[in-house]
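One structure is given here, and the rest of the page talks about it.
The values are calculated or read from the model by the stated rules, or taken from the named source; none is laboratory data. Given the structure is predicted, the values throughout are model-derived calculations rather than measurements. Here the Cβ positions follow ideal geometry from the backbone for every residue, glycine too, while neighbour counts run over all protein chains shown. Keep in mind that these areas ignore ligands, DNA and RNA; they rest on the heavy atoms of the full protein, side chains included. Shrake-Rupley method; radii C 1.70, N 1.55, O 1.52, S 1.80 Å.
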Amino acid sequence: QVQLVESGGGSVQTGGSLRLSCVASGRTFSSYSTGWFRQAPGKGREFVAAISRSGGSLYYGDSVKGRFTISADNAKKTVFLQMNSLKPEDTAVYSCAASSTYYSSSYHDYHTWGQGTQVTVSS
């Protein structure tokens, strides 16, 4: 079993950057793919990015392509989400999640979630 804890959220102005971290506990971290999702007030959960178990495949939602980068440090059991050129519409609670699939953009395929971290982008 794996547990996830996010950190790195905060408040920035438009055009700023943040780096989110998702630290996993448990011995089977490398058995899971990891995704980032976000949810803004009054909206549904949106896929942001995912990294495959091996770390060799990366996937992004259309709204963040070219601005966000997902990466992993398996030795530290940590997945990062580097967010650049932030926009007010990026404001949301960001959560990381683990999946037993190779990769998925559907939150239904993720079985373990962190508590989330708030990102607020002001204009």
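Taken per residue, the accessible surface of the chain reaches 50 Å², heavy atoms only and a 1.4 Å probe.
In the chain, the DSSP beta bridges split such that about 90 percent are antiparallel, to the nearest 5.
Solvent-accessible area assigned to carbon and sulfur over the chain amounts to 47 percent, based on a 1.4 Å probe.
Per-residue packing, averaged as other Cβ atoms within 10 Å, sorts the ranges 14-21, 30-37 into the order 30-37, 14-21, beginning with the highest. Looking at the chain, what % of the alpha carbon pairs are farther apart than 17 Å? For the chain, the share of Cα pairs beyond 17 Å comes to 50 percent. Of all aspartates and glutamates in the structure, those lying under 14 Å Cα to Cα from residue 43, and not within fewer than 8 positions of it along the same chain, are 89, 90. Add +1 for every Lys or Arg and -1 for every Asp or Glu among the other residues with Cβ under 9 Å from the Cβ of residue 67, and state the total. Net charge in that neighbourhood comes out at +1.
Positive-end ranking of 32, 49, 66 along the dipole of the range 26-85, with charges on Cβ about the Cα centre, is headed by 32. Protection proxy ranking for 53-60, 67-74, using the average of other Cβ atoms within 10 Å per residue and placing the highest first: 67-74, 53-60. Length gained on full extension, residue 106 to residue 122, computed as 0.36 nm times the residue gap minus the Cα-Cα distance: 2.9 nm. Considering only 93, 104, 114, the residue lying farthest towards the positive end of the dipole of the range 41-123 is 114, judged by Cα position with unit charges set on Cβ. Each Lys and Arg adds +1 at its Cβ and each Asp and Glu adds -1 at its Cβ; summed about the Cα centre, the chain shows a dipole of about 180 debye.
Residues in the range 79-86 carry Karplus couplings, in order, of 10, 10, 10, 8, 10, 10, 6, 5 Hz; the curve used is 6.51 cos²θ - 1.76 cosθ + 1.60 with θ = phi - 60°, and Gly or Pro positions show x.
Listed values for the range 63-71 are Karplus-derived 3J(HN,Hα) couplings in whole Hz (6.51 cos²θ - 1.76 cosθ + 1.60, θ = phi - 60°), namely 6, 10, 4, x, 10, 10, 9, 9, 8, and x replaces Gly and Pro.
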